[in-house]
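Shown next, in structure tokens, is the structure this report addresses.
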Amino acid sequence: MTVPLAYYLVLSAVLFSIGVAAFLIRRNIITVFLAIELMLNAVNLAFVTFAHQWRIVNGQIFVFFVMVVAAAEAAVGLAIIITIFRARNTLNIDQVDLMKL
Amino acid sequence: MYLALFIFFAVLCVAGALNLLLQRHPINSALSLIVVMTSLAVLYLLLGAQFLAAVQVIVYSGAIMVLFTFVIMLLNAGREEHTRGSRAAFLVGFPGAAVLLALLVQIFLSARGHLAQARLGEYVTATHTLSSVLFRDLLLPFEVTSVLILIAILGAVALARKEP
């Protein structure tokens, strides 16, 4: 029994679109950040699918680099979120619209 | 068997992502993202990327999501409230995402004839193949990522430190 690789790409597109919707709709800054991680994961699935299609491991190594960048981004982004929360006592992105209080 | 595994974990992925979208409390969103990431690891395994499946579980659903849940619990974030801006985002966000989805699905399904069929175990990437490419051909990018991680650690410590 086989699965067409196009289905994997469609799944990746579905996950990416849900990530975009969550990014636009949610108001909590942490949930917006989680939506970014979801989009990164969707793109990773597309990378692995194309690595399987062309039988090249470079696609998988690219996923590895995306994971490294995502880890760095999560660390710095969460530190920024903690700083914002300390300064303004809110996590709503509609209330974080000034660069300086 | 392969098709059943694919469908099961694909449905689990989409259900987790929808749950992330619909839940009001960030801790529920974070936990459903862990479901998405773990089922993606199974899908990587089905595509023959065994090392990536392990790294996905260890790094993504292990380290990164623990960081997220830790911060959510540290900040004691409550349910989010609706604001005026959120209604505009709601009106634009859903149609925009639907158009994007329709476009991508149309492109992928039209290219279906050029894409192969996946069989279980027909192409398994061994870790030594991956490492020989990573440590021979792509050694410089690999070393640069270690500098990036170091800078990220320093930045996170500098940002999250309490003001003296």
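Any read-out appearing in this document is the output of simple, stated calculations on the displayed coordinates, not a laboratory observation. What you are looking at is a predicted structure, and each value in this text was computed from that prediction instead of being measured. Note: ideal-geometry Cβ built from the backbone for every residue, glycine included; neighbour counts use all protein chains shown.
Observations
- Filtering the range B:114-141 to residues that are more than 8 Å from chain A (Cβ to nearest Cβ) and assigned to a helix (DSSP H, G or I) leaves B:His114, B:Thr127, B:His128, B:Ser131, B:Ser132, B:Phe135, B:Arg136, B:Asp137, B:Leu139, B:Leu140.
- Residue match in the range A:57-74 (condition: free of Cβ contacts under 8 Å to residues at least 40 places away in the same chain, within 30 Å of B:Val105 (Cβ to Cβ) and among the polar types (S, T, N, Q)): yes
- Residue match in the range B:4-11 (condition: of a type in the set (A, V, I, L, M), crowded, with 17+ Cβ neighbours inside 10 Å, touching a residue at least 12 places away in the same chain (Cβ under 8 Å) and in contact with a Pro (Cβ under 7 Å, 6 or more places away or on another chain)): no
- The set of residues in the range B:102-116 being surrounded by 13 or more Cβ atoms within 10 Å (Cβ to Cβ) and not aliphatic (A, V, I, L, M) consists of B:Phe108, B:Arg112.
- Among helices (runs of 4 or more DSSP H) entirely within the range B:1-86, having at least 2 residues that are more than 7 Å from chain A (Cβ to nearest Cβ), of a type in the set (Val, Ile, Thr) and touching a Leu at 6+ places or on another chain (Cβ under 9 Å) singles out B:26-46.
- Residues that are loosely packed, with under 14 Cβ neighbours inside 10 Å and assigned to a helix (DSSP H, G or I) within the range A:61-93 comprise A:Arg86, A:Ala87, A:Arg88, listed in sequence order.
- Among residues of the range A:13-60 being farther than 30 Å from A:Thr2 by Cβ and part of a loop (DSSP other than H, G, I, E, B), the one that is farthest from the other protein chains (Cβ to nearest Cβ) is A:Arg26.
- Pairs meeting the criteria (first residue in the range B:112-136 and of a type in the set (D, E, K, R), second residue surrounded by 12 or more Cβ atoms within 10 Å (Cβ to Cβ), beta carbons under 8 Å, at least 6 apart or on different chains) are B:Arg112/A:Pro4; B:Arg112/A:Ala6; B:Arg119/A:Thr2; B:Arg119/B:Tyr2; B:Glu122/B:Gly48.
- Within the range B:42-70, the set of residues being surrounded by 23 or more Cβ atoms within 10 Å (Cβ to Cβ) and small (Gly, Ala, Ser) comprises just one member, B:Ala49.
- Selection status of A:Ala75, under 19 Å from B:Pro26 (Cα atoms), more than 11 Å from the chain's Cα centre (by Cα) and at the interface with chain B (Cβ under 7 Å from one of its Cβ atoms): yes
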